[in-house]
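What follows is one structure encoded as C-alpha cells, with my remarks underneath.
Since every read-out is calculated from the coordinates, none of them should be taken as a lab result. The structure displayed is predicted, hence computed values, not measured ones. FYI the Cβ positions are ideal-geometry reconstructions off the backbone, even for glycines, and counts take in every protein chain you see.
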Amino acid sequence: LDFVFSDNGEDIAAVIIEPLPANNGLLIQRKAYLEKLRNLCDQHASLLIFDEVISGFRFPVGGYAGHIGVEPDITTLGKVIGGGLPVGAYGASKEIMSVLSPIGPVYQAGTLSGNPLAMAAGVATIDLLSNDAYEKLERLGGLLESKILSVLEKHSFPMRLVRIGSLFWLSPGSGPPPRRSDEIPSEGSKLYADVHHGLLQRGYMMAPSSYEIGFLSTSHNDEHVIGLAEALDDVLTELEVTI
C-alpha cells in the first residue's frame with residue numbers, strides 16, 4: 001500500500017474495497033489494515049469507499065464500518081436494505097452528497113431509483129432491525145459456531161467454520177482462516193460438494209459453491225441451528241464410511 005500510494009498517490013481518486021469480503025469466502029480483514037487504508041487516503045486526499053452491499057445491515061447502526069471503528073468517505077449498500085427487492089443505495093458526508101444533483105453539478109439517476117415498492121419493503125425491514133433482532137442474530141451465530149465447530153472437531157474434518165455476526169462460512173482447509181482468496185485451497189471444492197450434497201439430502205440447502213457464505217436471519221431459531229449441526233454430523237459420519 002505504501003509503495004502504490006508513494007508512486008501514484010496524486011492520481012488515486014479513491015480506494016474501493018469490501019471491508020468485510022464476503023463474495024469469495026468470508027475473508028475477515030485485520031482492523032489495522034483498514035486503518036492503514038484510512039490513513040493513506042487521508043494523507044493523499046483520496047476517498048475511501050466501503051462496499052457494504054453484503055455486510056451492511058448485518059451489523060447494528062453503522063454497518064461493518066461502525067463495528068470496527070473505521071469511517072469511510074462513502075458507503076454503498078444493497079440487499080438487506082431492500083427487504084428482498086432490487087435496490088441499491090449509497091451514503092456519504094453532507095459535503096460529498098451536496099456535490100450530487102439536484103443540489104450539486106454531478107447528475108445521477110437510475111431506471112428503478114426510488115421505486116416505491118422497494119422503498120416500502122426497505123423501510124419495513126429496517127423497522128424490524130431492532131437491538132433485539134441483532135442480539136438474537138449474534139446469539140444464534142454463537143450457537144451455530146459452537147455446534148458446527150464441535151462436529152468438525154469430532155470428525156477431524158478438514159474444514160473450518162468462519163463467523164462474524166450473522167455471516168458464516170464453511171471454509172475448506174485447516175489452520176487460521178484465510179484473509180485472501182489465493183489462500184483458499186482449490187482442492188476444497190470437491191470436499192465441500194460432498195458436504196453440500198449430503199446436507200441437501202437431509203433438508204438443509206447451503207450455498208452450492210465452497211466460495212459462497214451463509215446467512216442467519218431473524219426467521220431462524222435454535223432448532224434450525226441445532227438441526228443443521230446434527231445433519232452435518234450425520235453427513236460426516238457417512239463420508240467417513242465411504243472414503
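Averaging the Cα positions of each part gives two centres, and for segment 173-243 and segment 76-129 these lie 34 Å apart. Taking the Cβ-Cβ separation of SER101 and LYS154 as r and a Förster radius of 41 Å, what is the calculated FRET efficiency to the nearest 0.05? Efficiency for this residue pair is about 0.10.
Between helix 31-43 and the chain there is an angle of about 10 degrees, using the helix long axis and the longest principal axis of the Cα atoms. Stretching ASP127 away from SER6 to a fully extended chain increases their span by 39.1 nm, per 0.36 nm per residue minus the current alpha-carbon distance. With θ taken as phi - 60° and the Karplus curve 6.51 cos²θ - 1.76 cosθ + 1.60 applied, the whole-hertz 3J(HN,Hα) list for segment 160-174 is 10, 9, 9, 9, 8, x, 9, 9, 8, 8, 7, 9, x, x, 9 Hz, x standing for glycine and proline.
Once C-alpha pairs closer than 8 Å and six or more residues apart are averaged by separation and normalised to the residue number of the chain, the relative contact order reads 17 percent. For PHE57, the residues whose modelled amide H falls within less than 5 Å of its own, excluding neighbours fewer than 5 places apart on the same chain, are GLY63, TYR64.
Among LYS31, LYS79, LYS190, sorting on how many other beta-carbon atoms sit within 10 Å of each Cβ, with the fewest leading, yields LYS190, LYS31, LYS79. Using only Cα atoms, find the angle between the long axis of helix 116-128 and the longest principal axis of the chain, and express it within 0 to 90 degrees, rounded to the nearest 10. Helix 116-128 and the main axis of the chain meet at about 60 degrees.
The long axis of helix 188-201 is offset from the longest Cα principal axis of the chain by roughly 70 degrees.
Note on the chain: GNM, Cα springs under 10 Å; of LEU167, LEU117, LEU200, the largest mean-square fluctuation is that of LEU117. In segment 2-128, inverting the average of 1/r over every pair of distinct C-alpha atoms gives 16.0 Å as the Kirkwood radius.
Gaussian network model of the chain, Cα springs within a sub-10 Å range: biggest mean-square fluctuation belongs to which of PRO105, PRO176, PRO158? Looking only at PRO105, PRO176, PRO158, the largest GNM fluctuation is found for PRO105.
Cβ crowding within 10 Å, taken as a proxy for footprinting-reagent exposure, orders VAL106, VAL225, VAL162 from fewest neighbours to most as VAL106, VAL162, VAL225. In segment 34-78, what chymotrypsin sites (Phe, Trp or Tyr not before Pro) fall in a loop by DSSP, with at most 14 other Cβ atoms inside 10 Å? Within segment 34-78, no chymotrypsin sites (Phe, Trp or Tyr not before Pro) qualify (loop, at most 14 other Cβ atoms within 10 Å). Backbone geometry of segment 5-13 corresponds, through the Karplus equation with coefficients 6.51, -1.76 and 1.60 at θ = phi - 60°, to 3J(HN,Hα) couplings of 6, 5, 8, 10, x, 5, 9, 8, 6 Hz, x marking Gly and Pro. Charges were assigned to the Cβ only: +1 to each Lys and Arg, -1 to each Asp and Glu. The resulting dipole of segment 131-242 about its Cα centre is roughly 240 debye. Fewest neighbouring Cβ atoms within 10 Å first, the residues ASP194, ASP127, ASP73 line up as ASP127, ASP194, ASP73. In this calculation the C-beta distance from MET119 to GLN201 is compared with R0 = 51 Å, giving a FRET efficiency of 0.80. Shape annotation for segment 1-70: C-alpha extents along the principal axes are 36, 24, 19 Å, from largest to smallest. Of the residues LEU137, ALA207, TYR64, the one whose Cα sits farthest towards the positive end of the charge dipole of the chain is LEU137 (charges of +1 on Lys and Arg Cβ, -1 on Asp and Glu Cβ, taken about the Cα centre).
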